[in-house]
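> Mind looking over this structure? Questions follow.
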Amino acid sequence: QYDRSYKATFDHNYIHQERIATKKLRYDLEEVQLLIGADYRHAVAILKAIQDELGSINDLETFYHYLRFMRRIKRHKLSAGARKGLTRVASHIQAVRELCIKEWERNWSDRRAQLLDIEKGFSRLKAA
């Protein structure tokens, strides 16, 4: 799942798919933990942290596009001040989103290594 290299430019769909894959792996590990009594709390915590980070980026992306949509659709019904406020909030959300993406990209090689280690361990467990 994580054997591909991270794309140089941020791709919302790619990150969303990675979040889904991380979530599935985390749920699988939680089930295995219950079935065989193994302790994968550390791996589950790493996966949960990654899932949360990707979820935050996704939420910001969705909210940013919603605000832009509202500003465009409600343009005639909103006062000039309200439109200006929506524009400012959307700009702020976009800036925060950009910071989250840069932070994710800075940490990706470490995160990828953690994911590969977890996945290898889980694959060995499934094969046994």
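The values are calculated or read from the model by the stated rules, or taken from the named source; none is laboratory data. Since this is a predicted model, take the numbers as computed values, not measurements. Note that we place each Cβ from the backbone using ideal geometry, even for glycine, and neighbour counts take in every protein chain shown. What goes into the accessible areas is simple: the full protein's heavy atoms, side chains included, and nothing from ligands, DNA or RNA. Shrake-Rupley method; radii C 1.70, N 1.55, O 1.52, S 1.80 Å.
> I'd like the residue in region 63-91 that is exposed (fewer than 14 other Cβ atoms within 10 Å of the Cβ), of a type in the set (S, T, Y) and within 21 Å of H12 (Cα to Cα) and, out of all such residues, is modelled with the lowest pLDDT.
Taking the candidates together, the pick is Y66.
> If I go through region 25-56 residue by residue, how many of them are open to solvent by less than 60 Å² (accessible area, probe 1.4 Å) and either over 20 Å from the mean Cα position of the chain (by Cα) or touching a residue at least 40 places away in the same chain (Cβ under 8 Å) (or both)?
13
Results for (1) hydroxyl-bearing (S, T, Y); (2) within 30 Å of Y40 (Cβ to Cβ); (3) in contact (Cβ under 8 Å) with a residue 24 or more places away in the chain; (4) not in a helix (DSSP H, G or I), shown as yes or no for each residue.
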| residue | (1), (2), (3), (4) |
| --- | --- |
| L78 | no, no, no, yes |
| K84 | no, no, no, no |
| R88 | no, no, no, no |
| Q114 | no, yes, yes, no |
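> Another question about this same structure. Return only the number of the condition from (1) at pLDDT 80 or above; (2) more than 18 Å from H12 (Cβ to Cβ); (3) touching a helix residue (DSSP H, G or I) at 6+ places or on another chain (Cβ under 8 Å) that A38 does not satisfy.
(1)
> Which residues, counting only those in region 58-73, are farther than 21 Å from I101 by Cβ and either in contact with a helix residue (DSSP H, G or I) (Cβ under 6 Å, 6 or more places away or on another chain) or aromatic (F, W, Y) (or both)?
Residue satisfying the conditions is R71 alone.
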